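Structure first, then comments.
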Amino acid sequence: MIEQKIISERITKLRTEKGLSQLDLAKILSEMTGKDTKVLLKCINQWETGEGEPSLEMFQNLAIVLSVQKEYLMGLIDAR
């Protein structure tokens, strides 16, 4: 089972370490996926507040942008 708190904390920490705002991340993910920036911004907020979690596809995109393994983001491993 994926631990929501771990996901929230890791996405937030990695995003801020990269110097990205939620809007910056939404724009990057929008370019990668073709999804609407405003929708992605809402999703990112939900992921970071524990109100939702990314799809497997989005975990993969986040891992690419944040330079970590998707399993790390998912809380399955502790090594980035």
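With +1 on each Lys and Arg Cβ and -1 on each Asp and Glu Cβ, how big is the dipole of the chain about its Cα centre, in debye rounded to the nearest 20?
Working: 11 positive and 12 negative charges, 38 e Å.
The calculated dipole for the chain is roughly 180 debye.
Taking a sphere under 13 Å around the Cβ of Glu3 and counting the other residues whose Cβ falls inside, with K and R at +1 and D and E at -1, yields a net charge of -2.
Averaged per residue, the chain has 58 square angstrom of accessible surface, using a 1.4 angstrom probe with ligands and nucleic acids left out. Modelled spin labels at Ser30 and Lys18, positioned 7 Å past Cα toward Cβ, are 1.6 nm from each other. Projected onto the charge dipole of the chain (+1 at Lys/Arg Cβ, -1 at Asp/Glu Cβ, origin at the Cα centre), which of Leu25, Ile6, Leu56 gives the Cα projection farthest towards the positive end? Result: Leu25, furthest along the dipole toward the positive end. Largest mean-square fluctuation among Ser21, Ser55, Ser67, in a Gaussian network model of the chain whose springs join Cα atoms under 10 Å apart, belongs to Ser55. Taking only protein heavy atoms and a 1.4 Å probe, the accessible area of the chain is 52% carbon and sulfur. Shape verdict for segment 1-40, please, from the Cα gyration tensor: rounded (a/c under 1.5), prolate (a/b greater than b/c) or oblate. Since a/c reaches 1.5 but b/c is at least a/b, the shape of segment 1-40 is classed as oblate.
The values are calculated or read from the model by the stated rules, or taken from the named source; none is laboratory data. What you see is a predicted model; the values in this text were computed from it and never measured. FYI the Cβ positions are ideal-geometry reconstructions off the backbone, even for glycines, and counts take in every protein chain you see. To get the accessible areas, we keep the full protein, side chains included, count just its heavy atoms, and leave off ligands, DNA and RNA. Shrake-Rupley method; radii C 1.70, N 1.55, O 1.52, S 1.80 Å.
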